[in-house]
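A short worksheet on the structure shown next.
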Amino acid sequence: MGDADHEAFFAELGAFGPVLLEGLEGLEWAQRWLHPPMIGQLQQQLRPLIPQLDTAWARFQAVKPPQGLAGLRDDLGAGVEPLMKALRLFADDSDAFDPGAESIARVLGSMKAHCRALEALFPLRLALPPLSRFFVEAPFRRDLEALDPEPPEGLPVGLLRGRGAGPGAENEGGELRGGFSLYVPESYDGSQPWPLVVALHGGSGEGRDFIWTWLREARGRRFLLLAPTSRGPTWSLMGADVDAPALRNMVAAVMERFSVDAKRVLLTGLSDGATYSLLAGLQEDMPFTALAPLSGVLHPMNYANGNMERAAGMRIHLTHGALDWMFPVDVARVAAAELEKAGAEIEYHEIEDLSHTYAREENDRILSWFDPSLALPEPSTL
């Protein structure tokens, strides 16, 4: 391959990178502002990204890769394909994607495809520094090498998966549920105990997807991140509680394998995961030292099973959106008042422009509240 061809490949790769990042960031932005009355506006904002990504990817594919780099382009394609699917599911108004009554189902499918794109692209961060910067908060982008040192011998780091509640249970949807995804930041060396954040997905979700709502923060701020999958379509909010023992066992397994500070174990969750974080987190003999539910409710069973008595002294950070259409904000205000009356140390934060979706910017507020050592560093300390 001549110098001109070599330069053409890297020129097209350089041109494609910003378009790729714009697609990733655009979907993340749309998910933050997701509110049924606004879906049409969000679709209009995302729609131009579809031809931009198609064109940039086609141009990059048209140039011959240098020797040894064909695999990189194939790996990149494994992330680009679900990203394109995510954008089309969310925003395409062509005949193939009728935006009528199936809008919500398409948006949910888009969010899952977006997670598949993140999963495929994350391993490419070492080869493509712009991706590495995407997968970490801004204050840590000055020293990317510190985030990916040589892995310690015999110590697994990165994205790991584990079996959970039963034989064959993996962190997937469908019939294979009850497992977990675990992220051990690549900078972990086991020399000192780290905090653990356990993050519970919403109804019909899975930990494999929900882990991406916290991974960026875990990578830079250095805490272990566990994202379990419920054994059923959602957490044990009715009937027998099959998820609490599994959660307890998962945390114990992580603590046995890795150095975890038992005084800094946070349980958080979204929607059904938030509701269950209170229901499970206040039970006896649970390892959690603080709870941070987002957009959930105070389940009535908390009054029947003794949880309200055990709430005394527990640190709880409640977050809820004033625009929440599934669980109106009044239920969160009542929950905060009831838990405070029970003696919990309550921090309540109501977000005026938040619907029933995840507010990624709350991660910083929650982490700073949970453990001041996890607050973002001042620029001068980096």
Which numbered condition Glu256 fails, given (1) surrounded by fewer than 18 Cβ atoms within 10 Å (Cβ to Cβ); (2) within 20 Å of the chain's Cα centre (by Cα); (3) not in a loop (DSSP other than H, G, I, E, B): (2)
Which numbered condition Pro287 fails, given (1) assigned to a helix (DSSP H, G or I); (2) in contact with a strand residue (DSSP E or B) (Cβ under 6 Å, 6 or more places away or on another chain); (3) of a type outside the set (Val, Ile, Thr): (1)
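Given the residues Gln67, Gln61, which is the only one that is loosely packed, with under 13 Cβ neighbours inside 10 Å, over 28 Å from Ala138 (Cβ atoms), in contact (Cβ under 8 Å) with a residue 12 or more places away in the chain and not assigned by TED's automatic domain parsing to the domain that holds Ser295? Explain how you work it out, then say what you get.
Values: Gln61 fails: loosely packed, with under 13 Cβ neighbours inside 10 Å.
Checking each option against the conditions leaves just Gln67.
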Pairs with Cβ under 9 Å, 6+ apart, first in the stretch 319-345 and on the phi > 0 side of the Ramachandran plot, second part of a loop (DSSP other than H, G, I, E, B) and surrounded by 15 or more Cβ atoms within 10 Å (Cβ to Cβ): Gly343/Ala311; Gly343/Met314
Selection from the stretch 29-49 of residues that are buried (at least 18 other Cβ atoms within 10 Å of the Cβ) and either in a helix (DSSP H, G or I) or among the polar types (S, T, N, Q) (or both): Ala30, Gln31, Ile39, Leu42, Gln43, Leu46, Leu49
Residues (in contact with a Leu (Cβ under 6 Å, 6 or more places away or on another chain) and closer than 21 Å to Val198 by Cα) located in the stretch 303-343: Asn307, Arg310, Ala311, Ile316, Thr319
Strands (runs of 3 or more DSSP E) (entirely within the stretch 174-233) containing at least 3 residues that are buried (at least 24 other Cβ atoms within 10 Å of the Cβ) and in contact with an Asp or Glu (Cβ under 7 Å, 6 or more places away or on another chain): none
Residues being surrounded by fewer than 16 Cβ atoms within 10 Å (Cβ to Cβ) and part of a loop (DSSP other than H, G, I, E, B) - total across the stretch 342-374: 4
Members of the stretch 285-330 that are surrounded by fewer than 16 Cβ atoms within 10 Å (Cβ to Cβ) and closer than 24 Å to Leu224 by Cβ: Asp285
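The values are calculated or read from the model by the stated rules, or taken from the named source; none is laboratory data. Remember, predicted model here, so these are calculated numbers, not experimental data. In this analysis, Cβ positions are derived from the backbone assuming ideal geometry, glycine residues included, and neighbour counts consider all displayed protein chains.
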